[in-house]
Amino acid sequence: MAGQDEPTIPSVIPADRLRLAGGRTLRFEGAQHGSGVSFFLVTNAPGQGPSLHRHPYSETWSVLDGEATIRIGEHDVVARTGDTAVVPPDTWHRFTNTGDGDLRMVCIHASPVMIQEDADEDPSR
């Protein structure tokens, strides 16, 4: 009989199980896999990015390749290959690929489940 004292068996989650339908981005929600964090591995074409939203936890972005213009509260910042940006909890944010090629970025959610509130696209936020 399985018990709490049994070790967790390491596993690999194939990318195809995480890929969002019709896209190239991967979505990993930690709770489903025994992890305390969740993430998106984004691959976006120029001009693409999510709409304005916020989370009740922090989000950390690491740009693997390309350029992103990131709205954090009332501030716009530009992050390029190798840069990291952090959004505090409950802060409205979004990003757009403003480079010439694909944007590859890891978006780490400090939560085992993703919780997101979308904004009405009010440009003042």
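Read the figures in this text as sums done on the coordinates, not as results from a lab. Bear in mind the structure is a predicted one, so any value in this text is a computation, not a measurement.
Below, the figures for the structure above:
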read-out: Mean projection area, nm², convex hull over Cα of the stretch 44-91; value: 3.3
read-out: Per principal axis, descending, Cα span of the chain in whole Å; value: 56, 30, 27
read-out: Helix-only mean residue ellipticity at 222 nm for the chain, each DSSP H run of n ≥ 4 adding -39500 (n - 2.57), per residue, nearest 500; value: -500 deg cm²/dmol
